[in-house]
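The values are calculated or read from the model by the stated rules, or taken from the named source; none is laboratory data. Computed from a predicted model, the values in this text were never measured in an experiment. Positions of Cβ are backbone-derived with ideal geometry, glycine not excepted, and every protein chain shown enters the neighbour counts. Surface accessibility is based on the protein's heavy atoms, side chains included, excluding ligands, DNA and RNA. Shrake-Rupley method; radii C 1.70, N 1.55, O 1.52, S 1.80 Å.
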Amino acid sequence: MKHHQTARRVVVETLHRLPAELRQAARQVPVCFEDFPADELVADGLDPGILGLFVGAPRHEHANAPGPPPQIILYVENILEESEEAGTTFGEEVRRTYLHELGHYLGLDEDALADRDLD
């Protein structure tokens, strides 16, 4: 649970550093913290080592979209392992993963995220 608390703190700090218009949009999507992806998701083809996941429709489609409401899920133990393997800090990886998934909520695709060094 210590890592969950740290991850929450990093997300809050990152949120506060966003420009005002992005901060307002970011507050609309909840962030959940789990250790690992659920077995059902992995069985459906999700990479068991995934760091984060955005579910639901992007912000510009949300009002009319069927399905689950938008949500960001950060997989804390996978992020910890990634930080150890990459030689980065846990906080850096949480921040980067959160911003990546937030980018999906804001409607950015993988290429746009890579252009922002968030791939």
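Quick one: accessible surface of Asp44, probe radius 1.4 Å, all protein chains present, in square angstrom to the nearest 10.
130
Give a quick list of GluC sites (Glu not before Pro) in the range 15-99 that DSSP marks as loop, anything other than H, G, I, E or B, with at most 14 other Cβ atoms within 10 Å.
Listed in order of number, the matching sites are Glu61.
Using label points projected 7 Å from each Cα along Cα→Cβ, tell me how many nm separate Glu110 and Thr6, to one decimal.
2.9
Using a Gaussian network model of the chain with C-alpha springs under 10 Å, which one of Gly45, Gly103, Gly56 is most mobile by mean-square fluctuation?
Residue with maximal mean-square fluctuation among Gly45, Gly103, Gly56: Gly45.
Given labels modelled 7 Å from the Cα in the Cβ direction, how far is it in nm from Glu85 to Asp39?
Rounded to a tenth, the inter-label distance reads 2.3 nm.
In whole percent, how big is the carbon plus sulfur part of the accessible area of the range 12-51, probe 1.4 Å, protein atoms only? If you can, show how the numbers build up before the last one.
On the way: 1450 of 2720 Å².
Here it works out to 53 percent.
For labels at His16 and Glu92 in the simple 7 Å Cα→Cβ model, what's the distance in nm?
2.2
Let me know the shape class of the range 1-108, please: from the alpha-carbon gyration tensor, a ≥ b ≥ c as square roots of the eigenvalues, rounded when a/c is under 1.5, otherwise prolate if a/b is greater than b/c, or oblate.
oblate
Using helices alone, what [θ] at 222 nm do you get for the chain, with -39,500 (n - 2.57) per DSSP H run of 4 or more residues, divided over all residues and rounded to the nearest 500?
Helices in the chain give a 222 nm mean residue ellipticity of -15000 deg cm²/dmol.
At most 11 other Cβ atoms within 10 Å and a DSSP loop assignment: could you name the trypsin sites (Lys or Arg not before Pro) in the range 7-77 that fit?
Numbers: sites: Arg8, Arg9, Arg17, Arg23, Arg27, Arg59; in loops: Arg27, Arg59.
When the trypsin sites (Lys or Arg not before Pro) of the range 7-77 are filtered for loop state and at most 11 Cβ neighbours within 10 Å, Arg27 remain.
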